[in-house]
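Quick notes on the structure that follows.
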Amino acid sequence: MDHRSLRFPDPAPRASASWRDRIPDALREPVRAAGVGGYVLLAVGALLPWIRATLPGKGTFEISGFENSGDAGLVLEMGTVALLLVWSDRAWRSRLGVLVAGPLALGAANLLVMRIAQTESEAYLATLIPAGGHGSILPAFWVTVAGSLILTTAGAIHVWRTRDRASYNPGITSSAVGGTIGAIAGMIGGFIGGATIANLLTAGAIAGVTTSVLIILAFALAFVGAWIGGTVGASLGRSLRA
C-alpha cells in the first residue's frame, strides 16, 4: 500500500482560537475597548440616581439625572452616538475627519454637560440648608463623569493616531449642512418633547416609572426628530443652492 495516498483528517481547531474569533474587533483593539468600557460606565452611572437629599417632613429621597434639566438623558444620548462611532469598523477606520473626531467631540461635550450638572446639583443642595435639609451627590454621578472621561481620552488617542491620514477638509455641500443642522435641532426638540410628554404622563408616579417612561419616549422622539429634521434640512439646503 502506498502510504503517500493515505490522508488523515486535519486536527480540529482549538477551542481557544474559535473563541477569540468571535470577539468583535471593537473589543480586540485596546483604545476601542477603552471607549466601549467608558460608555458602559457612563450608561450605568446615568441610569442611577445622582442626588440623595433629606428634608423635614418629606424624608429622604433620591433624584435622577433625568429630572429637571435631564442632563443624564443628554449625556446618554451623545454617548450612544459616540459608541456607534467606536463600535463600527467602517467609522473607526474612516479617513473622514468628522467620524474620526466624533468620539472625542462627543465625549468632551459630555464632560461639559456633567460640569454644568455638577454646578446645578451643588446649587440645589445649597437650597436645602435653609429649610433644615441636607443632601449629597451620589457615586453614580462620578461614575458618569469617569465614563465620559475615559471615552474622551480614547477619542483623543484615536485622533492623534490617525492625524496623518485623516482628512479634516470639510468639502461639504449645502444639503449636508442643512441636514446636519436639521438633525441636531430635531434631535434636541424630540428629546425635550419626549421628556415633557413623559413627565405629563407619569405625574405622581414613582421615580422608577417616571425614569423608564422618560427614557423610552425621549430617546424614541429624539431619533424620530433627528430623522425628520435631517430630511427637511437637507431638502431646504438643496433648494437654497438651486
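Here are the numbers for this structure:
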{"quantity": "Chain lengthening between W227 and K58 when straightened (0.36 nm per residue, less Cα-Cα)", "calculated": "56.6 nm"}
{"quantity": "Two-site FRET efficiency, L96 against V40, from Cβ-Cβ distance with R₀ of 22 Å, rounded to 0.05", "calculated": "0.25"}
{"quantity": "Cα gyration tensor category, rounded, prolate or oblate, for the range 16-110 with a/c compared to 1.5", "calculated": "oblate"}
{"quantity": "Rounded Å value of the spacing that divides the Cα centres of the range 135-157 and the range 39-100", "calculated": "9 Å"}
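Readers should treat all values here as calculations from the given coordinates under stated rules, not as data from a laboratory. Being a predicted model, the structure only gives us computed values, none of them experimental. All Cβ positions, glycine included, derive from the backbone under ideal geometry; neighbour counts span all protein chains shown.
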